[in-house]
Amino acid sequence: MDVSKTRKDFAVLSREIGGKLPIYFDSACQTLRPRQVTDAIVEYYESYPACAGRSVHKLATEVSLKCDAVRSRVAEFFNAENPTDIAFMKNATEGLNTVIFGSGLKAGDEVVTTDYEHNSVHVPVLEVVRTVGVRHRMVRSAKDGTFDIEAFEKVMSKKVKLVTMCLTSNVTGYTLPAKEIVDIAHSYGAKVLLDAAQAAPSRKVDVKALDVDFMAASAHKMCGPSGVGLLYVRGDLGESISPRIFGGHGVTDTNVASFELLPPPERFETGLQNYSGIVGTGAAIQYISSIGLDEILDHEITLNKRMTRALINSDAVSIMGPSDPNLRGGLFSFNVKALSAHDVAMILDNSKNIMMRSGMHCCHAYFHMRGIEGCARVSVYIYNTREEVDVLTEAVKDLTDKFSAGS
Ligand SMILES: Cc1ncc(COP(=O)(O)O)c(C=O)c1O
């Protein structure tokens, strides 16, 4: 992968901030956006700034065709059978909520999750527990941070109607064995919803090969614009999911006391949509596909191995999740003895312009269960270099020398 060529597409990387170039290690929150994506967004506003799927004039037709083309491109990216299996959302959270609330769960039904779900799954599941009387079963991770398939099999029964799991953890970077999980869940008649927000930017999420029923991802973690989520609903299940939002464009007809929903995906796309965002998402998918997901993952793991090698033997640094960087993709989450995660992030931001995330990463329950106050998270992507990683590891070593000695 030609990182120096890639970096030229990201204007912010050559913008001095406080007199220094930024070292952006927060891609698990939002990736940076290449000029190809911002150009596509500007083109929408300058050339065809109309709405799709409603008016019959030429500009509206142009937007409709562009959005249809993006839907097809997204379907191809995830290997969905039909473009209509893909709905545009405002983020992954909306997609996850749509399935968790819309799949008709009833009192006594059971929902299974991991113990490291993002709040975008954890909170809606707790809400269906509270409001519907669903029972939440949680699969505890194995001691080494990997998925415990035996523990999963123990909680499975015919009462489980939905298994909803984080494909790649936003805390540790660990990716669970999705196909095995889907096969076991299906053998009990349960449906599976994968939260692929962290997986989709750098791993092939082949919904057909995985045989998964539902999947949600975020465009803004894949070089795409803010405000676009992607929801996959397997074609035969679309009519069984009721939307979260009702109104214009989601219906075929309404009468004084009745309405009829459109088939998917339109029923999930009520109200005017984020057309510039959808067009930008198409450019983003094209951009990361042209680099290649295998190359992206390989690059992430190469950098992760470098960070791990530099810091794993330090008594003052503890790494979250599996110790093997091959199992952590582009994420290196850690704590430094005697410093809070926020202190680590602030010190490195001030001293080196290193921009990373710190805290509980919307996985509060995961940290509370383990009695940990949070962690600092470095997430690397296509534009990060070995030199940047070395600046980080040297800076962390300095921190441990200064603050952790003798503690
Ligand atoms: C694993 C995971 N799931 C869900 C989300 C929520 O994504 P969005 O902000 O697109 O709703 C995130 C965002 O950080 C995430 O990391």
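Could you tell me whether any residue of segment 246-255 is of a type in the set (A, V, I, L, M, F, W, C) and within 16 Å of the ligand (Cβ to nearest atom)? Scanning segment 246-255 turns up no residue that is of a type in the set (A, V, I, L, M, F, W, C) and within 16 Å of the ligand (Cβ to nearest atom).
Pairs linking a residue in segment 229-240 that is charged (D, E, K, R) to a residue that is more than 16 Å from the ligand (Cβ to nearest atom) and assigned to a helix (DSSP H, G or I), with Cβ atoms under 7 Å and 6 or more positions apart or on different chains, are Arg234/Asp85. Cβ separations smaller than 6 Å between residues 6+ apart or across chains give no pair from segment 196-220 residues that are closer than 15 Å to Gly330 by Cβ and without any contact (Cβ under 8 Å) to a residue 40 or more places away in the chain to residues that are away from the ligand (no atom under 16 Å from the Cβ) and not in a helix (DSSP H, G or I).
Of the listed requirements (1) buried (at least 24 other Cβ atoms within 10 Å of the Cβ); (2) over 21 Å from Val125 (Cβ atoms); (3) in contact with a His (Cβ under 7 Å, 6 or more places away or on another chain), Ala219 misses just one: (3). The residue pairs whose first member lies in segment 76-87 and is under 16 Å from Leu262 (Cα atoms), whose second member is modelled with pLDDT under 95 and of a type in the set (A, V, I, L, M), and whose beta carbons are closer than 6 Å, counting only pairs six or more residues apart or on different chains, do not exist in this structure.
Give the residues of segment 193-232 that are among the charged types (D, E, K, R), farther than 18 Å from Pro264 by Cβ and either near the ligand (Cβ under 10 Å from one of its atoms) or not in a loop (DSSP other than H, G, I, E, B) (or both), sorted by residue number. Within segment 193-232, Asp195, Lys221 qualify.
The single condition from (1) touching a Ser or Thr at 6+ places or on another chain (Cβ under 8 Å); (2) farther than 15 Å from Pro22 by Cα that Asn326 fails is (1).
When segment 357-385 is examined, which residues are found to be out of contact with any Leu (no Cβ under 7 Å at 6 or more places or on another chain) and closer than 19 Å to Met307 by Cβ? Steps first, please.
The first filter runs over segment 357-385 and keeps only residues out of contact with any Leu (no Cβ under 7 Å at 6 or more places or on another chain), leaving 357-376, 381-382, 385.
Within segment 357-385, Arg357, Ser358, His361, Gly374, Cys375, Ala376, Tyr381, Ile382, Thr385 qualify.
Scanning segment 136-158 for residues that are surrounded by 16 or more Cβ atoms within 10 Å (Cβ to Cβ) and not hydrophobic (A, V, I, L, M, F, W, C) returns Arg137, Ser141, Gly145, Thr146, Asp148. If I filter segment 99-106 for residues that are within 16 Å of the ligand (Cβ to nearest atom) and of a type in the set (Ser, Thr, Tyr), do I get at least one hit? No: zero hits.
Tell me, please, whether a residue that is of a type outside the set (Val, Ile, Thr), modelled with pLDDT under 95 and in a helix (DSSP H, G or I) can be found in segment 41-58. Yes: segment 41-58 contains one or more residues that are of a type outside the set (Val, Ile, Thr), modelled with pLDDT under 95 and in a helix (DSSP H, G or I). In segment 120-135, of all residues being surrounded by 18 or more Cβ atoms within 10 Å (Cβ to Cβ) and over 17 Å from Cys363 (Cβ atoms), the one that is nearest to the ligand (Cβ to nearest atom) corresponds to Val128. When Phe101, Phe88 are checked against the criterion of being aromatic (Phe, Trp, Tyr), crowded, with 16+ Cβ neighbours inside 10 Å and either at pLDDT below 95 or not in a strand (DSSP E or B) (or both), Phe101 stands alone in meeting it.
The values are calculated or read from the model by the stated rules, or taken from the named source; none is laboratory data. None of these values were measured; they are calculated from a predicted model. Cβ coordinates were reconstructed from backbone atoms using ideal geometry, including for glycine residues, and neighbour counts include every protein chain displayed.
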